[in-house]
1. Any idea what % of Cα-Cα pairs in segment 51-214 are farther than 30 Å?
2. In µm²/s, what is D for segment 94-177 at 37 °C and 0.692 mPa s, where D = kT/(6 pi eta Rh) by Stokes-Einstein and Rh is the Kirkwood radius from Cα pairs?
3. Between residue 166 and residue 206, what is 0.36 nm times their sequence separation minus the Cα-Cα distance? Round to one decimal in nm.
4. Just need the relative contact order of segment 51-214 here, percent rounded to a whole number, with Cα pairs under 8 Å and 6+ apart.
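Each value in this text was obtained by applying a stated rule to the coordinates, not by laboratory testing. Small disclaimer: the values here were computed from a predicted structure and weren't measured.
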């Protein structure tokens, strides 16, 4: 009985108290139990690496769309400015008479714009040239009217250049506006493409500028 009691006492002495851990030196260190919040944090922290991969997979397409959209918008804005400057110079030269005697006004406009837009596909450019002039009625009153020609690419031969040239060179059109509208198709950068399936998200639109000059 004595030996059993002695062994029982030794076992109880070696047993770790509740809420304590034995160190390497054999001492007991009291450990405070984790709260529910700490347990949840530890649970999700163990899976933090996997969650980051999932977040990256979800955010990457959105980031790609935003970056591609900003680049496309920047290039479109730059192209729009180039197109506007080329059209402004063309209609200004035509209205002041600087290029009036070079032949067909449509050809004059087309040549001026094409020379200013080097590297562009000139066959894709579209033009509308409108010349305003006054007409004297039989009763002595005047009426403002216009002559408009529309053509595309290198198709200036289809416009009535002689009529425009006559109006531009007459006193009836003096101090009246000449309006030039130039269009150009623009394709935005492809955001995502699946060549194997033949489908590509590649939106397109049209750049357009309208410039006006007073006929001298």
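1. Details: 4864 of 13366 pairs.
The answer is 36 percent, as a whole percent.
2. The diffusion coefficient I find is 239 µm²/s.
3. Values: separation 40, 0.36 × 40 = 14.40 nm, distance 3.19 nm.
Going from the current span to full extension adds 11.2 nm.
4. On the way: 250 pairs, mean separation 44.6, N = 164.
Computed over segment 51-214, the figure is 27 percent.
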